[in-house]
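A short write-up of the structure that comes next.
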Amino acid sequence: MPRRRLLFLAHRIPYPPEKGEKIRSWHMLRHLAETWEVDLGCLADDPADLTHVPFLRTVCAAVQCRFTGARTQLAARALLRARPGLPLTLGWFHDPGLHAWVQDGLAAGRYDAAFVYSSSMAPYLMGPAARRPGLRRVLDFVDVDSEKWLAYTEGARAPMRQVWAREARTLLAFERRAALSFDRSVFVSAEEARRFAELAPDCAARLDHVDNGVELDRFDPAQNYPDPFAGARALVFTGTMNYRPNVEAVTWFATAVMPILRARGRATEFWIVGASPAPAVQALARLPDVRVTGAVPDVRPFLAHAAVSVAPLRIARGIQNKVLEAMAMARPVVASPQAFEGVRAMPGRDLLVADGAADTAARIAALLDGAHPGMGAAGRAAVAAGHDWSATLRRLDPLLEAAPAGAERVRDRAA
């Protein structure tokens with residue numbers, strides 16, 4: 001009996017899984033490809049990403065990966081496509097070629113179901129052709145993105161404050177329309193789903209969540225990793241370093257927390273590990289005891305030999321992969337309340353949660369002085385129990401089955 005056919009759309013090519021948005025989409029794609037024939041449609045803004053298309057064709061029945069050009073080109077096109085009342089995000093991720101490919105597949109009745117990763121891709125599946133009876137559509141919002149743009153307005157100056165506020169307002173309105181259009185919508189955590197239900201209560205009955213996970217076999221502290229710190233005590237932050245929340249987090253930590261640790265006589269280095277460091281991040285390397293690596297072939301040695309993994313994010317949505325990976329590597333973690341949200345762990349036993357520079361420095365100093373000797377092992381046990389991909393992804397399968405009894409299809413009102 002032939003397997004059912006699934007359309008999987010993603011705003012970024014879901015391989016390799018080297019950063020947050022690709023880690024989740026890759027694991028979802030690989031999981032669904034075990035039971036579905038998958039057609040993958042995605043976008044790429046880096047020519048190097050196109051080298052991974054042949055591998056994805058070994059996983060999927062068909063792959064349509066459209067190269068969109070550099071981010072500056074995308075930004076220009078988004079402005080040209082701007083329409084009153086609609087977020088700029090939609091123009092950023094609209095590709096006519098991908099749209100035509102999706103419409104051809106829908107017109108041919110090729111798909112039994114569709115899974116859309118990221119609300120920015122929802123318009124591809126919100127037209128008349130996508131509303132045919134029997135086509136089950138699931139949208140993964142991942143995070144409440146409109147809340148991220150709203151957070152950007154705090155402390156921002158004109159005119160960007162107005163730009164971020166408009167994006168937050170128009171994106172929330174679109175997120176609501178999308179959730180009402182799709183059969184089910186999922187978020188990265190129960191907390192994110194609850195937050196969206198508060199913002200859009202008419203969507204609450206259609207919402208669910210699929211937690212982020214971590215590859216426990218890959219992030220294995222028992223393996224022998226070379227020491228990149230040459231024996232020095234290191235505090236480590238990992239992430240893509242041109243992403244604004246990461247930039248703000250490391251800038252704050254380097255300028256507000258590290259001076260306190262130095263004043264207290266805790267000799268340590270702060271290592272910022274991740275690709276594409278923004279100019280503001282590169283400038284931090286001029287500070288005492290701050291190291292900026294840029295892209296590294298493997299983040300695991302940096303986690304394996306870290307004295308403490310830090311996640312001082314002040315703007316954060318959903319579950320942070322950097323926190324799960326550090327815990328899986330059995331390293332003590334100090335996270336902000338924002339970075340801890342959604343993590344299935346007990347503060348004080350599995351990791352430490354700190355708010356503010358003085359509190360963060362105090363908790364790091366305690367760990368450097370030998371407090372909480374069992375925290376690393378407890379953290380790994382916590383993510384093994386609550387964030388193993390093989391367990392979290394089981395929630396995904398029933399969402400793509402027939403609509404629950406009594407569910408009402410709301411007519412698509414999106415532009």
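The values are calculated or read from the model by the stated rules, or taken from the named source; none is laboratory data. Being a predicted model, the structure only gives us computed values, none of them experimental. No Cβ is skipped: glycine too gets one built from the backbone with ideal geometry, and neighbour counts run over all protein chains shown.
Key figures for this structure:
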{"item": "Residue within region 367-379 that is closer than 26 Å to R206 by Cα and in contact with a strand residue (DSSP E or B) (Cβ under 7 Å, 6 or more places away or on another chain) present", "result": "no"}
{"item": "Residues satisfying the stated conditions in region 1-21, i.e. within 17 Å of H387 (Cβ to Cβ) and free of Cβ contacts under 8 Å to residues at least 24 places away in the same chain", "result": "P17"}
{"item": "Filtered residue count, region 124-154, keeping only those that are within 24 Å of the chain's Cα centre (by Cα) and small (G, A, S)", "result": "2"}
{"item": "Residue in region 291-312 that is farther than 24 Å from L351 by Cβ and either within 19 Å of the chain's Cα centre (by Cα) or surrounded by 22 or more Cβ atoms within 10 Å (Cβ to Cβ) (or both) present", "result": "yes"}
{"item": "Scan of region 217-241 for residues that are assigned to a loop (DSSP other than H, G, I, E, B), crowded, with 16+ Cβ neighbours inside 10 Å and either touching a Lys or Arg at 6+ places or on another chain (Cβ under 7 Å) or not assigned by TED's automatic domain parsing to the domain that holds A311 (or both), ordered by number", "result": "F219, P228, F229, G239, T240"}
{"item": "Elements of type strands (runs of 3 or more DSSP E) in region 59-163, at least 1 residues being at pLDDT 90 or above, surrounded by fewer than 20 Cβ atoms within 10 Å (Cβ to Cβ) and not hydroxyl-bearing (S, T, Y)", "result": "62-67, 136-142"}
{"item": "Hey, A326 within 21 Å of D220 (Cα to Cα) and touching a helix residue (DSSP H, G or I) at 6+ places or on another chain (Cβ under 7 Å) or not", "result": "yes"}
{"item": "Exclusive hit being over 30 Å from F115 (Cα atoms) and under 23 Å from the mean Cα position of the chain (by Cα), set P373, P347", "result": "P347"}
{"item": "Residue match in region 170-184 (condition: under 22 Å from the mean Cα position of the chain (by Cα) and closer than 30 Å to F302 by Cβ)", "result": "no"}
{"item": "Count - residues of region 298-319 that are in a loop (DSSP other than H, G, I, E, B) and modelled with pLDDT of 95 or more", "result": "7"}
{"item": "Members of region 22-58 that are assigned to a helix (DSSP H, G or I), touching a residue at least 40 places away in the same chain (Cβ under 8 Å) and under 28 Å from Y243 (Cα atoms)", "result": "I23, R24, S25, H27, M28, H31, V53, F55, L56"}
